[in-house]
Amino acid sequence: MQAQTERLGVAKLDQFFSSHGWLFREQMVHDYGIDAHVEITKENYPSGELIAIQIKSGKSFFTEQNERAWIFRTEDKHIEYWSNHTLPVILVLYHPEDEILYWQVINEDTVKS
């Protein structure tokens, strides 16, 4: 069931970006912390501007929140990898029952140890 839930999140994100004309590219090889890239388009033409995406799907990612956001906890090695990435990285959480995607950029302003 876990693999199916993961696929739902990837598919929903692909649908979202594709419906807005951006180019969604899933990482099909084993990844360390980047599941996909999206290329921004301008006037329906690829811009060369890319965003790296880490996708997490499932109700288990929605157990902790504060007044402004869901709390996502992970290991320091993942934060370090995303923070040192050459592309901007966003984390996307997908709630399969509500069919809602939530996202946040990963940077020093949004990450707390």
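Every test in (1) touching a Leu at 6+ places or on another chain (Cβ under 8 Å); (2) open to solvent by less than 60 Å² (accessible area, probe 1.4 Å); (3) in contact (Cβ under 8 Å) with a residue 24 or more places away in the chain is passed by residue 16 save one, and that test is (2). Summed over region 42-72, residues that are out of contact with any Asp or Glu (no Cβ under 9 Å at 6 or more places or on another chain), assigned to a strand (DSSP E or B) and polar (S, T, N, Q) total 1. When both residues are 6+ apart or on different chains and their Cβ atoms are under 6 Å apart, which pairs have a first residue that lies in region 45-62 and is more than 14 Å from residue 105 (Cβ to Cβ), and a second that is open to solvent by less than 20 Å² (accessible area, probe 1.4 Å) and hydroxyl-bearing (Ser, Thr, Tyr)? As it stands, the answer is 57/94, since those pairs meet every condition given.
Return yes or no: is residue 81 at pLDDT 95 or above and either under 18 Å from residue 34 (Cα atoms) or within 16 Å of the chain's Cα centre (by Cα) (or both)? For residue 81, the condition - at pLDDT 95 or above and either under 18 Å from residue 34 (Cα atoms) or within 16 Å of the chain's Cα centre (by Cα) (or both) - is not met.
When restricted to residues that are open to solvent by 40 Å² or more (accessible area, probe 1.4 Å), touching a strand residue (DSSP E or B) at 6+ places or on another chain (Cβ under 7 Å) and at pLDDT 95 or above, region 88-113 contains 6.
The values are calculated or read from the model by the stated rules, or taken from the named source; none is laboratory data. Everything quoted here is computed from the prediction, not taken from an experiment. Counting neighbours? That spans all protein chains shown, and the Cβs are built from the backbone with ideal geometry, glycine included. Keep in mind that these areas ignore ligands, DNA and RNA; they rest on the heavy atoms of the full protein, side chains included. Shrake-Rupley method; radii C 1.70, N 1.55, O 1.52, S 1.80 Å.
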